[in-house]
Amino acid sequence: MRRKIFCIIVLVYSSTVSAQQPPDPGSYYAGIYADESRLYNCISGPEGSGFEQYIWAWIPLDTGLNYITLRFLFPSNVDMSSRPVFNDLMTHLEVVDYGPGGVEWTVLFAGCPSGWILIFSQECIFLDTVESSIGLSEPFSFARNCQFVIHDIHVLNNLSLNNPGCIYVPAGASTWGAIKSIYQH
């Protein structure tokens, strides 16, 4: 029994990341997580089950965020089953499509927020159980601070999907409407 508990603890610990400040609090960062507390960047589930992705950014405390541009790479085995829910300070969104799976979002903000900022969250559905990831492209992601200086975004992590070491979402986590939408595409 002790060995089984130890294995479970190791699996959960190996799929967590630090929810504290990033490696260099004076730099700009972004990451994709499977939870609102920024602890997990790895999630698994059966076909048809749902999960939520959270996109967080770290903005140095003395600069504030005017806008952020993030280029995403979405795998073909995930369906975005709902509209994204943006931070209340978001004022405008520009979306540019970059072909299969690639999309760039520029999100404008009011009030010059800083520190950890939840950019948006979005419900998703596993279309199969193949290992994949939702990723950010570091060379094409940047932020403009409130002094209108542009800074590169360093990617803290991407969201790993159906990796054997990931936390598991039960099959009942998705809504019936979301599951039906898989087969209406």
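Fully extending the segment from Asp97 to Tyr168, taken as 0.36 nm per residue of separation minus the present Cα-Cα distance, adds 22.5 nm. Remark: the Leu39-Thr106 segment gains 21.6 nm on full extension, using 0.36 nm per residue and subtracting the alpha carbon distance. Going from the fewest other Cβ atoms within 10 Å to the most, the residues Phe140, Phe126, Phe148 appear in the order Phe148, Phe140, Phe126. Straightening the chain between Glu131 and Ser76 buys 18.7 nm, computed as 0.36 nm per residue apart minus the Cα-Cα spacing.
None of the figures in this text is laboratory data; all of them are computed from the coordinates on show. Worth saying up front: this structure is predicted, and the values here are computed from it rather than measured. Please note: Cβ atoms are built from the backbone with ideal geometry, for glycine as well, and neighbour counts cover all protein chains shown.
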